[in-house]
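In what follows, a structure is listed as structure tokens, so that the remarks can point back to it.
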Amino acid sequence: MRRELPGEPTAEGDAERRLEEFLGRYGPLLRRAVQAACPRALSRQVDDIEQEARIRLWRALRAETTIQDPASYLYRVAVTATIDAVRRARARPEDPAPDERLDEAPRGDASDPERDAQARQVTNAVDRAAARLSHDRRRAVLLHLQGFNVAEIARLIGGTHARARNLAYRGLADLRRALAEDGITR
């Protein structure tokens, strides 16, 4: 994220217009990121957390922040808004139901610690292998792994359907090769 040098202050109306355009294009991504990061104990607060993330985004746009990689930026905003909500809930322990835990893994089945540890190892291996991909292929692959279809990937990366399909397809092949080099196979 890079900040532009401030010129004349941006009117709030301009920030609101930019926010509407941004959310029109990336709103579903923001919602999915908040839902993925939110622990079960706060599942009833997903709408509030998403609203907080939208406010943070509006403030960034009002401050004329240039957003280079919207998907990554929205994910960071969603995660930090969720972390702040968890911290607030821990500061007020009487709010959540007594049998719900705030340190629970997001939306996962925490009943099998061994399976959870294996899943974390696989996730770390995929992250390391994805880091070796070219920037464009890495973005397409990570979006694909988050559940986006080719049309959504094309819209998020600002390319054509064919380019998005090509980047995802070739990126997945590169990812498989990188994982095989690291000794990770099916």
Inset, instruction - Could you calculate the contour length gain from Asp136 to Arg177, that is, 0.36 nm times the residue separation minus the distance between their Cα atoms, to one decimal place in nm? - result: 13.1 nm
Inset, instruction - First check a/c for segment 16-66, with a ≥ b ≥ c the square roots of the eigenvalues of its C-alpha gyration tensor; if it is under 1.5, answer rounded, and if not, answer prolate when a/b is larger than b/c or oblate otherwise. - result: prolate
Legend entry - Accessible surface of Glu50 - all protein chains present, 1.4 Å probe, nearest 10 Å²: 20
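The values are calculated or read from the model by the stated rules, or taken from the named source; none is laboratory data. For clarity, every value in this text was computed on a predicted model and none was experimentally measured. Ligands, DNA and RNA are stripped out before the accessible areas are found, and what is left, the full protein with its side chains, is counted by its heavy atoms. Shrake-Rupley method; radii C 1.70, N 1.55, O 1.52, S 1.80 Å.
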